[in-house]
1. Kindly provide the GluC sites (Glu not before Pro) of the stretch A:196-288 that DSSP labels as loop, not H, G, I, E or B, and whose Cβ sees at most 10 other Cβ atoms within 10 Å.
2. What is the magnitude of the charge dipole of the protein assembly as shown about its Cα centre, with +1 placed on the Cβ of each Lys and Arg, -1 on the Cβ of each Asp and Glu, and no other charges, expressed in debye to the nearest 20?
3. Please order B:SER2, A:SER179 by the number of other Cβ within 10 Å, starting at the fewest.
4. Over chain A, with a Gaussian network built from C-alpha contacts below 10 Å, which listed residue (A:GLY12, A:GLY310, A:GLY124) shows the highest mean-square fluctuation?
5. Kirkwood Rh, Cα Rg: Rg to Rh for the stretch A:121-245?
6. Hey, which aspartates and glutamates would be in cross-link range of A:LYS176, C-alpha to C-alpha under 15 Å, not counting anything within fewer than 8 residues on its own chain?
7. Regarding the stretch A:4-195, what's the average projected area of the Cα-atom convex hull, expressed in nm²?
8. Over all alpha-carbon pairs in the stretch A:205-291, figure out the percentage whose distance exceeds 17 Å.
Amino acid sequence: MSKKAVALISGGLDSMLAARLIQQQGVQVEGINFYTGFCVEGHTHAIRKQDRNKNKRNNALWVAEQLGIKLQIIDIVEEYKDVVINPKHGYGANLNPCLDCKIFMVGKALEWIKDFEYDFIITGEVIGQRPMSQRKATMPVVARESGADDLLLRPLCAKNLAPTLPEREGWIDREKLMSITGRSRKPQMALAKEFGFVDYAQPAGGCCFLTDKSYSVKLQDLWNHRGTRKYELDDIMLLKVGRHIRPNQAFKLIIAREEGETNFLSGYQREFQTIKTVSHAGPIALVEGEQLDAQQLELACAITARFSQGRDADSVELLFSDHGQNTQSIHVKPMPAEQIKADWVLA
Amino acid sequence: MSEVTELDARRLLCPMPVIRLQDCLRKQASGARVRITCTDPGTMNDIPAWCRINDHTLLECDQQDHQISFLVQKSQV
């Protein structure tokens, strides 16, 4: 009876190749993809007007279709919070908990194979590919701490690792697996050519906002000002959008950078205090923080007006709205660029 | 013909609409129909692709202004 494997499909080339290598050995492969809330491309393209004509395909779905496998996308936003907030193995260069993330995802895949009676798990990991999560020393850590142990097969570098259960039991011919190491993409590109894959996403890893320095600065700022390392899905969505400017401890402005972002942020008018320029074309700004007093409101309006078409005008009219209610008109002189201090801008 | 289950995925960004549809269909019987309304243009690619991959039938796709509506029938398998 043929064996069944679950492949972690990120949408990148490596997991695509790993799955195809196992499919070629007669194993039935199905894919799972995890949604953490920190994924990059789909959101940015959906929001920004200048990106609206870019290809908006979900790469994991696209890869599954190329492989001819079924794919489940699993929402792990809530459970993933603990990985981001308390990573046992710490962070990478930014707030990326890559090793804990991999352990968590393989652990979730283990639950999946037990629930749905699959035989083993495949990942596209390559020894030496990633400085934190894909090193020779961390490969056994992922297998052990996820609980997957020798049910975890890495087809692209399997020959450099101890044989797993599928290899020892003869479900898989180890000789047909690979021994890729290092950061070069040439072996993967050669294998892609051999398989006839001519169109594929760039290497995995760049798909998570937590690896981005600017994003991590904004997330850390959010935690600092709330006094707690917690977040909701809307929080991490909003960190991907607009200019984030914190002129003082009381509030932060999220100012749209273009029309698509204005449309997106306008959807939050009932959840935030908002400011919108009306005398000149300009952005909407969300105010995150305390209820603004008169002085803070003038400051917030002057900053927002700075990013409108009226930036050089003597006076700009803006509408302030408190959670969609009590709208009031404000007139301010836009703040000169040099008065917006560098340390106000979160980036 | 069975009733249509309505799903509101407006304002949700991909892949959340796909996840909502997937989780809803998982609870339905074969042949059940679900209509999902979305605003993320990415769903124009993702929902048809997800249906093809998982053998569900996309019965209708209707776009009006910024809203996209998909009528999907769960596979008979």
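Coordinate-derived values only; no laboratory data. The structure displayed is predicted, hence computed values, not measured ones. Counting neighbours? That spans all protein chains shown, and the Cβs are built from the backbone with ideal geometry, glycine included.
1. Values: sites: A:GLU232, A:GLU258, A:GLU259, A:GLU261, A:GLU271, A:GLU288; in loops: A:GLU232, A:GLU258, A:GLU271.
Sparse-neighbourhood loop GluC sites (Glu not before Pro): none present.
2. On the way: 53 positive and 53 negative charges, 242 e Å.
Roughly 1160 debye for the protein assembly as shown.
3. On the way: B:SER2 10, A:SER179 13.
Lowest count first: B:SER2, A:SER179.
4. So, out of A:GLY12, A:GLY310, A:GLY124, the one fluctuating most is A:GLY310.
5. Details: Rg = 19.1 Å, Rh = 17.4 Å.
So for the stretch A:121-245, dividing Rg by the Kirkwood Rh gives 1.09.
6. Cross-link targets: A:GLU167, A:GLU194.
7. Working: hull surface 45.0 nm².
So the mean shadow area of the Cα hull is 11.3 nm².
8. Working: 1840 of 3741 pairs.
Result for the distance tail: 49 percent.
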